[in-house]
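For reference, the structure discussed in these notes is given below.
The values are calculated or read from the model by the stated rules, or taken from the named source; none is laboratory data. Treat the numbers as computed from the prediction; the structure is a model and nothing was measured. Glycine also receives a Cβ, built like all others from the backbone with ideal geometry; neighbour counts cover every protein chain displayed. Ligands, DNA and RNA are excluded from the accessible area calculation, which covers all protein heavy atoms including side chains. Shrake-Rupley method; radii C 1.70, N 1.55, O 1.52, S 1.80 Å.
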Amino acid sequence: MGKGIFITFEGIDGCGKSTQLNMTKEWLINSGYDVLQIREPGGTVVGEKIRGILLDKKNDSMVPLAELLLYGAARAQITEEVIKPALLEGKVVISDRFFDSTYAYQGHARELGDELVNNLNLVATNNLEPDVTILLDIDPNEALKRRLGRGEEEDRLEALGTSFQEKVREGYLKLAGNVSRVKVTDASKTPDEIQAQIRSYISESLGV
């Protein structure tokens, strides 16, 4: 069995990740790949419990460093328990978020800094990095309209408002300017237009 492929999807809340993840998964399966779809934080018994703590609005007193460490703990668990074994089996792993979220949310928006976040990310994943990352970029106000239109209850981070989401977006775009595996996609377009761009990026980067 050959080495698998690790694809991650990133973006601010309401950018359309779930839709594009599902479309990408269907495309890859139809192309003959063995696909595992996961979400982060979560994806394991331990990770899902941590996710509940992180997203619960009752935990609004959580300090940024505690937030960062909880994300790292959930990431360490899913990396060892799920992602690495799947890649060794030759699967294509597609993830709703990975450590680039921590860079944008905690490193940039929470102002914990690049060095601390990057070091923790590499420790938590034992230096595992995605092969390609799809960044769905959208204006925070448009993303908010989408979330409100779906009638979803806000989680702890979404409740911080569009000013916080704008900082997160800045962090993502800064990352994309420095890391070649991060591919920026205009998430204001139609789902089919976005998916076409994603398939182009994946095919170009990975030859699938």
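Of the candidates Gly90, Gly11, Gly32, which one comes out as most mobile in a Gaussian network treatment of the chain with C-alpha springs shorter than 10 Å? Ranking Gly90, Gly11, Gly32 by mean-square fluctuation puts Gly32 first.
So how strong a dipole does segment 50-208 carry about its Cα centre when Lys and Arg Cβ are +1 and Asp and Glu Cβ are -1, to the nearest 20 debye? All intermediate terms of the calculation are to be shown ahead of the outcome.
Numbers: 20 positive and 27 negative charges, 25 e Å.
With only Lys, Arg, Asp and Glu charged at Cβ, the dipole is about 120 debye.
What is the log10 of I(q)/I(0) for segment 137-208, computed with the Debye formula using one identical point scatterer on each Cα and no solvent, at q = 0.14 Å⁻¹? Reported log10 I(q)/I(0), two decimals: -0.56. Between Asn178 and Asn141, the contour length at 0.36 nm per residue exceeds the alpha carbon distance by 10.8 nm. Among Gly32, Asn127, Pro140, whose Cα lies farthest out toward the positive end of the dipole of the chain, if unit charges sit on the beta carbon of Lys, Arg (+1) and Asp, Glu (-1)? Ranked along the dipole, the leading option is Gly32. Per residue, the accessible area of the chain comes to 47 Å², computed with a 1.4 Å probe over protein heavy atoms only. A probe of 1.4 angstrom, applied to the heavy atoms of all protein chains, finds Phe164 with accessible area near 20 square angstrom. A simple charge model with +1 on the Cβ of Lys and Arg, -1 on the Cβ of Asp and Glu and nothing else charged puts the dipole of segment 86-155 at about 180 debye relative to its Cα centre. The spread of Cα positions in segment 107-150, taken along each principal axis and listed from longest to shortest, comes to 39, 26, 15 Å.
Once you've got the Cα coordinates, tell me which of Lys57/Lys167; Lys49/Lys84; Lys84/Lys167; Lys84/Lys174; Lys58/Lys145; Lys17/Lys57 are over 26 Å apart. Numbers along the way, then the final one.
Numbers: Lys57/Lys167 20 Å; Lys49/Lys84 21 Å; Lys84/Lys167 31 Å; Lys84/Lys174 28 Å; Lys58/Lys145 24 Å; Lys17/Lys57 22 Å.
In this structure, Lys84/Lys167; Lys84/Lys174 lie more than 26 Å apart at Cα.
The accessible surface of segment 79-208, taken with every protein chain in place and a 1.4 Å probe, is 46 percent carbon and sulfur.
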